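Reading through the structure tokens given below for one structure.
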Amino acid sequence: MRGEESLRILVPTEGESLPLMDMNTCETKAPELWDYVLVVDRRTQRNPGQVQRQQQFLEELENQGFHYKAMEDQEKEFFGIRADSGVFGRYQRLVEPEDTVPGGELSRPASIRATNRIRIVNFVLKSKMAAGDTLQDLVKDGVFEDGFPLHKGEEHLKKKWARWRSMFQRQPISDIRDYFGEKVALYFAWLGWYTYMLVPAAVVGLIVFLSGFSRFEASQISKEICKAHDIYMCPRGDHNRRFQRLSDTCAYAKLTHLFDNEGTVLFAIFMALWATVFLEMWKRERARVVLRWELYGWDEDQEEMALGLISCPDYQPRLHQHSYLRSTVILLLSLLMICLMIGMAHVLVVYRVLAAALFNSALPFLGEQVTTAVVVSGALVHYVIILIMTKINKYVALKLCDFEKPRTFSERESKFTIKFFTLQFFAHFSSLIYIAFILGRINGHPGKTVRLAGLWKLEECHLSGCMMDLFVQMAIIMGLKQTLSNCMEYLRPWLAHKYRSLRALSQDPELGHWQRNYRLNPVYTFSLFDEFMEMMIQYGFTTIFVAAFPLAPLLALFSNLVEIRLDAIKMVRLQRRLVPRKAKDIGTWLQVLEIIGVLAVIANGMVIAFTSEFIPRVVYKYRYGPCRSGAQSEVDCFTGYVNHSLSVFYTKDFQDPAKIEGSENVTECRYRDYFSAQDSNFSEQHWFLLAIRLAFLILFEHVALCIKLIAAWFVPDIPQSVKNEVLKKKYQRLEQKSCSPRSTDV
């Protein structure tokens, strides 16, 4: 058969196979019949053993009711694969119960969906044959170069969906399902719903941010900072050995007020409610979609076993099992990787300390902007670390899954999701956690500083507060991930496809079609998984530290509008066709979204309580300020707050005051904290503030979580119309059974 363009058709009878018939290919004018293509690199096929294994594999496919057709060009040999109608008939008998069709008759095998055909062919090819080989084994050994399903009939998706001009048009979810299967369709349905729900979050976040502009010049605290020409701040590090006027931070104080204002608390509570409403409304939307697709009662285990029986009559399902030893080892290894992720945050700490010293000596023109340069460069380094650790985390998560020995592919995907997301969460958010809750809190105070290796002083927050550092870190990382990463995600496959397409195609339309599919970018098992992971990390940035970055939902909205079309163009125009998979939900990702929602409540509560200036401002207003006895129209309630919030340090107590520029003219300097000037211990205000912060954190989290629970209870997961429709179908099936002649007494 090698080297000849011939079609071999197997016509099986009940329980046996007839001899093969050769038919000239010119009689077959239906290239759409072939669902799958296997590729052989003729240049590497020099071993007779490889040729023998190849023929043996193809013959076993014939014995199972599959047909294949061989075509070749100068370098490659292609084998088109399709299944006999009897294979699809067995699938329908196994998957569809008799009472789903009127009269108990099965629908005709010819009516099987194209996505089901491809899935069946792919499952059989990836299963073990009698010789013990799977397609993956043969590809690994060089017997075949690759195997993939064919793109067919995608023109309508190219016109309606996979193009940039359709960015603001509704997605054809039903058409996506008919072409890519339910799993991909649910991804785009969820992504579209997420993007739609981001609109109110983006609008509210923008209002909160712009409300700071309305008080850009009117804030009493900013006014006091801008007029504090006689207040000198203590040197903040080894790179800055001089006193700095507080008024020099006037611009940063005004900028900080844009996102650290009274609206931040309300916005954080709003986002907690938004996350819950988003999930509950998505569950309702999913229920409607799944009912429309007639998959409400679909069972994944039954599907897996049906495909197993088709590929092998002696198939036996793997039983559920659990090993405490294996689970313990996986837990310990996962904790070790999490510790490594936390260690990467310490690497960033070391980098920022060393960078501050290096920038001060090598780049003296930066002057007072050394801290800003360190923050920006630290964010860039963190972004590079994220890219590196993503590859490492994926490899480790896959190895842990293989060690755990999951029962089915779906179970493997679920376990891989949990492990990979956990590692990715710490890789992305470890530095943000450090900046939000640790930076500037472990470095001591003037005269008694904590030093790295006894040499370099630990960095401190910006003079305007740690919220500025957190805002800059989030803006840079989120901005890079949604611009640079998206550009690379599109340009890499686009350039690769352009390069592969330089070679001429065959004059034979069918062979040319196969060559065109072969030259598309390859996909792999977790291609769709990567898209989900990208969106989950973005969802984390949008919700977890949104109190410090209220513009996150707006950036996510713009990014998603691009992401939907980018993914569509990749899947339809630049990549080989994904193997369709059935699904009735987004799987473990739903639990991931719920976990992120809870983490968002905790993180935003801690940011407001410990990072923001909200609690100190409120305490000052009602306990220490001029309005503690009641509001006064002639004076602002925050008058004197700046002086109250800065501790005093006498310059004579410095270990080397002579080395500080201007020390002979300054007797005392100020720094952000609540210490006693006499003994450098925490003052009474510090402990009172700490108690209020903890009380606020507990109250905020309980209120936010209660709102989430009430919203989850108030909005049913499944619409009543869906429940009634399912109930009606169940009744109709029972009524049909009760009226069937088989159910009557003889």
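The slack between CYS739 and ILE392, meaning 0.36 nm per residue of separation minus the straight C-alpha distance, is 118.8 nm.
Beta bridges from DSSP with both residues in the chain: antiparallel share about 95 percent, rounded to the nearest 5. Across segment 370-490, Cα pairs under 8 Å and at least six residues apart give a relative contact order of 31 percent. If you plug the beta carbon distance of LEU33 and GLN720 into 1/(1 + (r/R0)^6) with R0 = 56 Å, you get a FRET efficiency near 0.80. Helices in the chain, meaning DSSP H runs of at least 4 residues, each add -39500 (n - 2.57). Divided by all residues, the mean residue ellipticity at 222 nm is -19000 deg cm²/dmol.
Average accessible surface for segment 460-619: 33 Å² per residue, computed with a 1.4 Å probe over protein heavy atoms with every protein chain in place.
Within the set [x] 1.07; [y] 1.13; [z] 1.15, the number that Rg/Rh (Cα atoms, Kirkwood Rh) takes when calculated for this structure is listed as [x].
Cα convex hull of segment 269-313: mean projected area in nm², to one decimal? Before the final figure, lay out each step's value.
Numbers: hull surface 17.6 nm².
So the mean shadow area of the Cα hull is 4.4 nm².
Only protein heavy atoms count here; under a 1.4 Å probe, ILE564 has an accessible surface of about 10 Å². Ranked from largest to smallest solvent-accessible area, with a 1.4 Å probe on the protein heavy atoms, SER431, SER485, SER85 come out as SER85, SER485, SER431. Using a simple spin-label model with pseudo-atoms 7 Å out from Cα toward Cβ, LEU273 and PHE168 lie 2.9 nm apart. May I ask which of LYS158/LYS405; LYS160/LYS582; LYS76/LYS152 have a Cα-Cα span longer than 32 Å here? The answer is LYS158/LYS405. Surface composition of the chain: carbon plus sulfur atoms contribute 60% of the solvent-accessible area (1.4 Å probe, protein chains only, all chains present). Quick check: the angle from helix 182-214's long axis to the longest principal axis of the chain, C-alpha only, nearest 10 degrees? Taking the Cα atoms of the chain, the angle to 182-214 is about 20 degrees.
Shape of segment 122-240 from the C-alpha gyration tensor: oblate (a/c of 1.5 or more and a/b not above b/c, with a ≥ b ≥ c the square roots of its eigenvalues).
Cβ-Cβ distance of HIS320 and SER683, R₀ of 45 Å, FRET efficiency by 1/(1 + (r/R0)^6): the value works out to about 0.15. Length gained on full extension, VAL598 to ASP248, computed as 0.36 nm times the residue gap minus the Cα-Cα distance: 122.0 nm.
The amide H of TYR36, built 1.01 Å from its N in the peptide plane, has ILE81, LEU150 as neighbours under 5 Å, considering only residues 5 or more places off or on other chains.
Of the whole protein surface, PHE471 contributes about 40 Å² of accessible area at a 1.4 Å probe radius.
Across LEU94, LEU58, the residue with the most accessible area heads the list, and the full order at a 1.4 Å probe is LEU94, LEU58.
With both labels modelled 7 Å from their Cα along Cα-to-Cβ, the LEU699 to THR44 distance reads 6.7 nm. Rounded to the nearest 10 square angstrom, HIS320 shows an accessible area of 140 square angstrom against a 1.4 Å probe. Rounding to the nearest 10 and keeping the result within 0 to 90°, find how far the Cα-based axis of helix 250-259 lies from the longest principal axis of the chain. Its long axis makes an angle of about 40 degrees. Compared with the dominant Cα axis of the chain, that is its longest principal axis, helix 370-404 is turned about 30°.
Length gained on full extension, VAL51 to LEU484, computed as 0.36 nm times the residue gap minus the Cα-Cα distance: 151.4 nm. Figure note: MET233, MET281 ranked by solvent-accessible area, largest first, 1.4 Å probe, ligands and nucleic acids not counted: MET281, MET233. In the chain, Cα pairs under 8 Å separated by at least six residues give a relative contact order of 19 percent.
The values are calculated or read from the model by the stated rules, or taken from the named source; none is laboratory data. Here the structure is a predicted model, which means the values were calculated and not measured. Cβ atoms come from the backbone with ideal geometry, glycine included; neighbour counts cover every protein chain shown. With ligands, DNA and RNA removed, areas are computed over all heavy atoms of the protein, side chains included. Shrake-Rupley method; radii C 1.70, N 1.55, O 1.52, S 1.80 Å.
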